[in-house]
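Peer 1: Provided herewith is a single structure, encoded as structure tokens, for subsequent inquiry.
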Amino acid sequence: LEFTPEVDMKFTEASGDVLKILQDMPSTNNEICQNCLKFLSNVIRFKDDLELKDSAVSYILKKIEPDLDSPERQHTAFGFLKAITFKNIMIPEIYDCMDIVSKLMVTSTTNEIRQVARSVFYNFLMEYDQSRGRLEKQFKLIINNLKYPAQAGRLSVMDLILTIVRKSSKDLLSRLTTSFFISLANVSVTDDYPNC
């Protein structure tokens, strides 16, 4: 979106004020913080020229980590995380958050949260720097979760694998094909649920 310099300045000032509010609050467990996070998520996502310090984004990510697993606040937390990953903001704290997200895409009892977690996690896998060992670890975790006790969790993992197969490069697929095939063949033989 194109704005006049005055409007751009207002967005920058408001973002600074919102960051101060978030820093002054002990937690995000109130309406003001939730609205501040929603505002920042939208500004980060839609204002290309907004510059946020890595330390500020880091601070917010640490603050919203518990929110990712809190039904009352997780939608806002995921909204912020989606904005960060959409812009490919590279900071170490994103990896900590993604460890939580990778679990939630399997363990969450809410289909909507599993779906959002899958989407965010897929974007993270494909767009963020993954060292060779880390990428292998992530795919091993995905494959191991094909044995998750709850049917919905296993289906979520299969949906992620389907997305990876459909959208990945041939190079990545050639590295994954054997492990995916063996694991999925195992599921087709041993899983009692027809959907799985």
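The values are calculated or read from the model by the stated rules, or taken from the named source; none is laboratory data. What you see is a predicted model; the values in this text were computed from it and never measured. Don't worry about glycine lacking a Cβ; one is built from the backbone with ideal geometry, like all the others, and counts go over all protein chains shown. Accessible surface areas use protein heavy atoms only, side chains included; no ligands, DNA or RNA. Shrake-Rupley method; radii C 1.70, N 1.55, O 1.52, S 1.80 Å.
Peer 1: How many percent of Cα pairs in the range 125-170 exceed 11 Å?
Peer 2: 69 percent
Peer 1: Cα-based Rg of the range 67-196 per 2.2 N^0.38 Å, rounded to two decimals? Walk me through the numbers on the way to the answer.
Peer 2: Details: Rg = 14.6 Å, N = 130, 2.2 N^0.38 = 14.0 Å.
Normalised Rg, Cα atoms only: 1.04.
Peer 1: Give, rounded to the nearest 20 debye, the magnitude of the charge dipole that the range 1-66 has about its Cα centre when Lys and Arg contribute +1 at Cβ and Asp and Glu contribute -1 at Cβ.
Peer 2: 320 debye
Peer 1: Quote the Stokes-Einstein diffusion coefficient, in whole µm² s⁻¹, for the range 60-112, based on the Kirkwood radius over alpha carbon pairs, a temperature of 10 °C and a viscosity of 1.306 mPa s.
Peer 2: Result for D is 141 µm²/s.
Peer 1: Now a separate question. Tell me the angle of helix 111-127 to the major Cα principal axis of the chain, expressed in degrees between 0 and 90 and rounded to the nearest ten.
Peer 2: Approximately 90 degrees, to the nearest ten.
Peer 1: OK, next. Please compute the per residue accessible area over the chain with all protein chains in place, 1.4 Å probe, rounded to a whole number of Å².
Peer 2: Computed with neighbouring chains in place, this is 57 Å² per residue.
Peer 1: With every protein chain left in place and a probe of 1.4 Å, what is the accessible surface of residue 53, to the nearest 10 Å²?
Peer 2: 150 Å²
Peer 1: Roughly how many debye, to the nearest 20, is the charge dipole of the chain about its Cα centre, given +1 on each Lys and Arg Cβ, -1 on each Asp and Glu Cβ, and no other charges?
Peer 2: About 840 debye.
Peer 1: For the range 18-108, what is the convex hull volume of the alpha-carbon atoms per residue, in Å³?
Peer 2: Numbers: hull volume 7.8 nm³, N = 91.
Measuring per residue, one finds 86 Å³ for the Cα hull of the range 18-108.
Peer 1: Hey, another quick one. Under 10 Å, Cα contacts only: if you run a Gaussian network model on the chain, which one of 108, 131, 15 comes out with the highest mean-square fluctuation?
Peer 2: For the chain, modelled as a Gaussian network with Cα springs under 10 Å, the answer is 131.
Peer 1: Around residue 65, under 13 Å between beta carbons, what's the net of Lys plus Arg minus Asp minus Glu among the other residues?
Peer 2: On the way: positive: 62, 63, 73, 103; negative: 67, 69, 93, 96, 99.
Once positives and negatives cancel, what remains is -1.
Peer 1: Okay, moving on. For the Cα atoms of the chain, what angle does the longest principal axis make with the long axis of helix 151-167, in degrees from 0 to 90, nearest 10?
Peer 2: With both axes taken from Cα atoms, the answer is about 80 degrees.
Peer 1: Given a Förster distance of 35 Å, report the FRET efficiency between residue 38 and residue 163 from their Cβ-Cβ distance, rounded to the nearest 0.05.
Peer 2: Working from the Cβ atoms, E equals 0.85.
Peer 1: Turning to a different aspect of this structure: Hey, how many Å between the Cα centroid of the range 146-196 and the Cα centroid of the range 65-101?
Peer 2: Measuring centre to centre over Cα atoms gives 24 Å.
Peer 1: Where a ≥ b ≥ c are the square roots of the eigenvalues of the C-alpha gyration tensor, would you call the range 38-77 rounded, which needs a/c under 1.5, or, failing that, prolate if a/b is larger than b/c, or oblate? Spell out each step's value before the answer.
Peer 2: Numbers: a/c = 4.39, a/b = 1.59, b/c = 2.77.
Oblate, because a/c is 1.5 or more while a/b does not exceed b/c.
Peer 1: How much of the accessible area of the chain, in percent, comes from carbon and sulfur atoms when a 1.4 Å probe is used?
Peer 2: Carbon and sulfur together cover 54 percent of it.
Peer 1: Along the charge dipole of the chain, which of 23, 52, 104 sits closest to the positive end, that is, farthest toward it, with unit charges on the beta carbon of Lys, Arg, Asp and Glu (+1, +1, -1, -1)?
Peer 2: Positive-end residue among those listed: 104.
Peer 1: While we're on this one: Step through the residues of the range 55-72 one at a time and calculate ³J(HN,Hα) from phi using the Karplus curve (6.51 cos²θ - 1.76 cosθ + 1.60, θ = phi - 60°), rounding each to whole Hz and writing x for Gly and Pro.
Peer 2: Working through the residues one at a time gives 5, 5, 5, 4, 4, 5, 4, 5, 5, 8, 3, x, 5, 4, 10, 10, x, 6 Hz.
Peer 1: Charges on Cβ only, +1 for Lys and Arg, -1 for Asp and Glu, centred on the Cα centroid of the chain; of 5, 144, 95, which one is farthest towards the dipole's positive end?
Peer 2: Projecting each Cα onto the dipole axis, the largest value belongs to 144.
Peer 1: Compute the helix-to-body angle for 132-144: its Cα long axis versus the longest principal axis of the chain, expressed 0 to 90° and rounded to tens.
Peer 2: Approximately 60 degrees, to the nearest ten.
Peer 1: Would you list, by chain and number, the lysines whose Cα falls below 27 Å from the Cα of residue 47, excluding same-chain residues fewer than 8 positions away?
Peer 2: Leaving aside lysines fewer than 8 places away in the same chain, those within reach of residue 47 are 10, 20, 38, 62, 63, 82, 87.
Peer 1: Let me ask something else about it. Mind grabbing the accessible area of residue 179 for me, 1.4 Å probe, Å², rounded to tens?
Peer 2: 40 Å²
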